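A.B. asks: Questions regarding the structure given below will be posed in turn.
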């Protein structure tokens with residue numbers, strides 16, 4: 001199986017021979033573990049990056065990027081899926097620091113007319129579905145970013161295909177892509193901003209993410225990852241023609257590692273805002289993330305310390321506070337996990353959804369016992385056989 005990996009050393013905390021040897025051993029262990037994981041899961045390709053103290057120290061890729069068997073490399077364009085939400089949240093936090101938007105102001109303040117009077121557009125949900133329910137005025141950018149909107153994931157997944165509130169805004173957590181799409185709508189139709197351009201300027205350009213975009217670029221075709229679904233069927237890369245804050249980002253493992261490193265250092269935003277993003281603002285009360293929404297568990301049965309930040313999920317484990325964000329579709333599996341105390345992160349991008357079964361062991365290899373709530377992220381039924 002073809003692979004490529006890069007080990008980046010030479011900074012102060014790894015200047016000693018022993019530290020460099022330790023890092024080299026981790027790289028070797030990771031290389032062996034990922035190759036074994038691909039073999040055991042049947043997954044075709046995976047890329048992994050490690051961040052330490054705000055620096056990228058390792059970027060690696062293994063396997064194939066397409067059905068032709070061409071190698072997956074560290075600069076192969078891969079679908080970011082819902083990792084997009086973390087980048088969008090960072091962008092909105094940066095906008096808030098510039099005074100363009102207040103995270104705790106009603107979205108009604110930014111729209112020239114009531115939300116339910118806007119005509120339906122293909123790019124967004126149908127806000128007219130909410131006609132007669134004035135609770136939309138309670139929505140704020142913060143509530144939309146921490147998944148407290150009260151919406152299901154997407155309105156088109158509802159039995160009747162219509163968007164609705166399942167609970168009062170801010171009352172509880174329920175993962176919602178439409179919540180992020182609504183905030184994009186507010187920024188674009190209310191403030192006249194171009195969300196794709198803002199993300200490009202405030203994140204991609206700022207952190208040197210030259211192979212990342214919110215829409216398809218023709219130059220991506222030179223080194224592009226297709227995907228494989230749970231049955232091992234190859235799926236072509238979706239060339240996104242519209243900016244979707246909930247998940248249209250294309251990126252590479254090398255590029256997203258740069259974002260993870262910048263996030264850990266708090267580059268571009270204040271310490272207060274960075275702390276605000278990873279703070280568990282909204283307690284998570286469900287057994288798993290999906291389906292959404294779902295009934296709340298009794299307090300004694302809930303995942304202790306699990307809460308929603310802005311664009312990430314916060315948790316408490318053996319090493320203290322950490323945060324993570326996954327990204328998933330039928331042929332993609334991504335995961336980003338960071339620990340605050342040790343200031344270490346691991347990023348995993350896979351162009352084969354079957355690779356997700358190996359994510360817990362890879363995170364453990366890199367970070368140790370972290371306490372990531374895997375059964376909540378992926379569902380207890382799906383992970384019962386893995387003993388998670």
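The values are calculated or read from the model by the stated rules, or taken from the named source; none is laboratory data. Just so it is clear, the model here is predicted, and its values are computed rather than measured. A quick note on method: Cβ atoms are made from the backbone with ideal geometry, for glycine too, and the neighbour counts reach across all protein chains shown.
A.B. asks: Looking at (1) assigned to a loop (DSSP other than H, G, I, E, B); (2) on the phi < 0 side of the Ramachandran plot; (3) surrounded by fewer than 23 Cβ atoms within 10 Å (Cβ to Cβ), which is the only condition residue 357 fails?
C.D. replies: Looking at each condition in turn, residue 357 falls short on (1).
A.B. asks: Another one. Given the condition in contact with a strand residue (DSSP E or B) (Cβ under 6 Å, 6 or more places away or on another chain) and either over 28 Å from residue 234 (Cβ atoms) or touching a residue at least 24 places away in the same chain (Cβ under 8 Å) (or both), answer yes or no: does some residue in segment 83-99 qualify?
C.D. replies: Yes; the residues of segment 83-99 include at least one that is in contact with a strand residue (DSSP E or B) (Cβ under 6 Å, 6 or more places away or on another chain) and either over 28 Å from residue 234 (Cβ atoms) or touching a residue at least 24 places away in the same chain (Cβ under 8 Å) (or both).
A.B. asks: Among the listed residues 72, 38, identify the single one that is surrounded by 18 or more Cβ atoms within 10 Å (Cβ to Cβ) and closer than 19 Å to residue 364 by Cα.
C.D. replies: 38
A.B. asks: Within segment 282-298, is even one residue touching a residue at least 12 places away in the same chain (Cβ under 8 Å) and within 22 Å of residue 342 (Cβ to Cβ)?
C.D. replies: For segment 282-298, residues touching a residue at least 12 places away in the same chain (Cβ under 8 Å) and within 22 Å of residue 342 (Cβ to Cβ): absent.
A.B. asks: Then there is this: Just for segment 235-277: of the residues that are in contact with a strand residue (DSSP E or B) (Cβ under 7 Å, 6 or more places away or on another chain) and assigned to a helix (DSSP H, G or I), which one is farthest from residue 77 (Cα to Cα)?
C.D. replies: In this case the residue turns out to be 264.
A.B. asks: Continuing with the same structure: Identify all residues within segment 126-151 that are in contact with a strand residue (DSSP E or B) (Cβ under 9 Å, 6 or more places away or on another chain) and assigned to a loop (DSSP other than H, G, I, E, B); write none if there are none.
C.D. replies: 146, 147, 148
A.B. asks: Filter segment 127-151 down to the residues that are surrounded by fewer than 17 Cβ atoms within 10 Å (Cβ to Cβ) and either under 18 Å from residue 242 (Cα atoms) or in contact with a helix residue (DSSP H, G or I) (Cβ under 7 Å, 6 or more places away or on another chain) (or both) and list them by number.
C.D. replies: 128, 131, 137
A.B. asks: Shifting gears a bit: Can you go through 96, 27 and tell me which one is assigned to a helix (DSSP H, G or I), out of contact with any helix residue (DSSP H, G or I) (no Cβ under 6 Å at 6 or more places or on another chain), surrounded by fewer than 22 Cβ atoms within 10 Å (Cβ to Cβ) and at pLDDT below 95?
C.D. replies: Just one listed residue meets the conditions, 27.
A.B. asks: Now a separate question. Residues of segment 302-327 being within 19 Å of residue 245 (Cα to Cα), part of a strand (DSSP E or B) and either at pLDDT below 95 or in contact with a helix residue (DSSP H, G or I) (Cβ under 7 Å, 6 or more places away or on another chain) (or both), which ones? Lay out the reasoning, then the answer.
C.D. replies: Taking segment 302-327 and keeping what is within 19 Å of residue 245 (Cα to Cα), we get 308-313, 324-327.
Then keep just the ones that are part of a strand (DSSP E or B); that gives 308, 313, 324-327.
Scanning segment 302-327 gives 325, 326, 327.
A.B. asks: Scan segment 178-186 and tell me whether some residue there is part of a helix (DSSP H, G or I), buried (at least 17 other Cβ atoms within 10 Å of the Cβ), in contact (Cβ under 8 Å) with a residue 60 or more places away in the chain and out of contact with any helix residue (DSSP H, G or I) (no Cβ under 7 Å at 6 or more places or on another chain).
C.D. replies: Yes, segment 178-186 contains a residue that is part of a helix (DSSP H, G or I), buried (at least 17 other Cβ atoms within 10 Å of the Cβ), in contact (Cβ under 8 Å) with a residue 60 or more places away in the chain and out of contact with any helix residue (DSSP H, G or I) (no Cβ under 7 Å at 6 or more places or on another chain).
A.B. asks: Could you list all residues from segment 212-234 that are surrounded by 20 or more Cβ atoms within 10 Å (Cβ to Cβ) and in a loop (DSSP other than H, G, I, E, B)?
C.D. replies: 212, 214, 225, 226
A.B. asks: A follow-up question, please. With the requirement that a residue be more than 15 Å from the chain's Cα centre (by Cα) and closer than 18 Å to residue 287 by Cβ, what does segment 172-182 give you?
C.D. replies: Selection gives 172, 173, 174.
A.B. asks: What's the number of the only condition in (1) assigned to a loop (DSSP other than H, G, I, E, B); (2) at pLDDT below 95; (3) in contact with a strand residue (DSSP E or B) (Cβ under 7 Å, 6 or more places away or on another chain) that residue 123 fails to meet?
C.D. replies: Every listed condition holds for residue 123 apart from (3).
A.B. asks: Return a yes/no flag: does segment 278-299 have any residue that is more than 30 Å from residue 224 (Cα to Cα), in contact with a strand residue (DSSP E or B) (Cβ under 7 Å, 6 or more places away or on another chain) and assigned to a strand (DSSP E or B).
C.D. replies: Yes; the residues of segment 278-299 include at least one that is more than 30 Å from residue 224 (Cα to Cα), in contact with a strand residue (DSSP E or B) (Cβ under 7 Å, 6 or more places away or on another chain) and assigned to a strand (DSSP E or B).
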